[in-house]
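Below is one structure, written out as structure tokens; the observations come after it.
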Amino acid sequence: MFNSNSASFLKPSNPSTVQQRVGVTSAMSDFDAKISVDAPLKDYEKLIEEKVQSEGLDEEEIEKNYKIISAAARDTVWKLLFSSSPITKESLENVAEFLNKIKEDASFYDPYTYNEWISGLRDELLKRNMLDFWRDHVVVKELGPCWARDSDYFDDMEDPAPAQFYNHAGCVAPFAPVTGRRLNSDILDLPTTTNEERLDLNSGFVANISTESPSRDYDCLIKEKVQDDQDGDDDVIINNFKKIAISAREVIWKLLFSQNNPSEDNKVKAGDLLYRLKADSCSFDPWSYNMWITTVRDELLKREMFDFWRDQLVAKELGPCWAKDSDFFDDLDDLEPVEFYNRAGCVAPFKRKVN
């Protein structure tokens, strides 16, 4: 079982290492794994079909042949991304499709080598500031390290998932951005008042959340009125949360939809607050959130705000709360919100193909 801190999990690699692997392994074999930059996926699939999936091969041959082909495939990905040739949006999509296939097969045959290599690819993308490919393909399509959700080589979903791999350049691991109640460390570092100075939970209060500092205002309210260290009745705490959540939903709507083209700053503020709101809603009131978030989705798509839809709601799984997020739902097969995400070319992140 891998560990997110282990060298075998995320040890950086480089193209020269890949080339050495191809050369050394090829010397032991009777075929060359030729994968062109013009039709890499087609060439790769043909090699896999002939040298890995054909009948009559024993396990040793399959393993040896796969390692030759996969090394050549990784080398080709590196060339496609980091050569001096101009890169178009279409070509990046083709590379992502090729990389996705490489990861699928690696999950089945050899996840450890892939996991070592993909970290080096990530570092090179970030060093070259290729953030579109990083965000829109590697993160959104979960092309990072293989783990228990992808591969039978890892059998414990509770083991550390490769979240830290994705948490770069403003991105968040798409498979587990919100999983119920936030930890204290997730809440902004706010001034703490004594219990005597805090407002009585049973008293009325105004849930003021500004558009200037919405996340900070929200966290202040949660810390004062909802967190578990309050010695208050559960019903009161839940009612307090509902009041705060109503205000948060209004601010998110205002940040996103009060103008025809919201500023990037407003989008960032809305995304940060939405992340907090879903995480806490999973613990205190998922049903109100679930009804409301569908209206947000519909408005985003109507206004063709596809970047926010893709990079925030889909990538961070900020759609309806369900059994994966919230203890209020106890059946993973019940009310799985697949159809919520299958819009505008996106696919529910948790339903991507696994081996």
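The values are calculated or read from the model by the stated rules, or taken from the named source; none is laboratory data. A quick note: this is a predicted structure, and the numbers were derived from the prediction, not measured. Backbone-built Cβ (ideal geometry, glycine too); neighbour counts: all protein chains shown. In case anyone asks, the SASA skips ligands and DNA or RNA and just uses the protein heavy atoms, side chains included. Shrake-Rupley method; radii C 1.70, N 1.55, O 1.52, S 1.80 Å.
Any residue at all in the range 296-315 that is farther than 23 Å from VAL140 by Cβ and in contact with a Cys (Cβ under 8 Å, 6 or more places away or on another chain)?
Checked the range 296-315: no residue is farther than 23 Å from VAL140 by Cβ and in contact with a Cys (Cβ under 8 Å, 6 or more places away or on another chain).
Quick check: anything in the range 139-155 open to solvent by less than 50 Å² (accessible area, probe 1.4 Å) and in a helix (DSSP H, G or I)?
Taking every residue of the range 139-155 in turn, at least one turns out to be open to solvent by less than 50 Å² (accessible area, probe 1.4 Å) and in a helix (DSSP H, G or I).
Is it the case that the range 79-95 has a residue that's in the same structural domain as ARG149 (by the TED database), more than 23 Å from GLN53 (Cα to Cα) and touching a Ser or Thr at 6+ places or on another chain (Cβ under 8 Å)?
Yes; the residues of the range 79-95 include at least one that is in the same structural domain as ARG149 (by the TED database), more than 23 Å from GLN53 (Cα to Cα) and touching a Ser or Thr at 6+ places or on another chain (Cβ under 8 Å).
Would you confirm whether any residue within the range 318-339 is within 20 Å of LYS141 (Cβ to Cβ) and among the basic types (Lys, Arg)?
Yes, some residue in the range 318-339 is within 20 Å of LYS141 (Cβ to Cβ) and among the basic types (Lys, Arg).
Please list, ordered by residue number, the helices (runs of 4 or more DSSP H) wholly in the range 22-131 having 3 or more residues that are among the small types (Gly, Ala, Ser) and open to solvent by less than 20 Å² (accessible area, probe 1.4 Å).
59-82, 89-109
Taking the range 299-317, which residues are part of a helix (DSSP H, G or I) and surrounded by 18 or more Cβ atoms within 10 Å (Cβ to Cβ)?
LEU300, PHE308, TRP309, ARG310, ASP311, GLN312, LEU313, VAL314
Would you please list the contacts, defined by Cβ atoms under 9 Å and residues six or more apart or on different chains, that run from a residue in the range 204-215 that is under 15 Å from ARG249 (Cα atoms) to a residue that is among the small types (Gly, Ala, Ser) and open to solvent by 30 Å² or more (accessible area, probe 1.4 Å)?
Listed pairs, sorted by first residue: THR211/SER258.
Would you point out which residue out of SER210, SER215 is at pLDDT 85 or above, among the polar types (S, T, N, Q) and in a loop (DSSP other than H, G, I, E, B)?
SER210
Test PHE308 against the stated conditions and say whether it is under 28 Å from PHE133 (Cα atoms) and modelled with pLDDT of 90 or more.
Yes.
If only one of VAL347, VAL314 is aliphatic (A, V, I, L, M) and at pLDDT below 85, which one is it?
Being aliphatic (A, V, I, L, M) and at pLDDT below 85 holds for just one of VAL347, VAL314, which is VAL347.
Conditions (1) within 25 Å of ARG310 (Cα to Cα); (2) modelled with pLDDT under 90, marked per residue:
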| site | (1), (2) |
| --- | --- |
| GLN227 | no, yes |
| ILE244 | no, no |
| ASN260 | yes, yes |
| ASN266 | yes, no |
| TYR275 | yes, no |
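State whether the residues of the range 312-329 include one that is of a type in the set (A, V, I, L, M), over 30 Å from HIS168 (Cβ atoms) and out of contact with any His (no Cβ under 9 Å at 6 or more places or on another chain).
No, there is no match, as no residue in the range 312-329 is of a type in the set (A, V, I, L, M), over 30 Å from HIS168 (Cβ atoms) and out of contact with any His (no Cβ under 9 Å at 6 or more places or on another chain).
Among the numbered conditions (1) open to solvent by less than 30 Å² (accessible area, probe 1.4 Å); (2) closer than 25 Å to PHE241 by Cβ, tell me where SER288 comes up short.
Evaluating SER288 over (1) open to solvent by less than 30 Å² (accessible area, probe 1.4 Å); (2) closer than 25 Å to PHE241 by Cβ leaves (1) as the failure.
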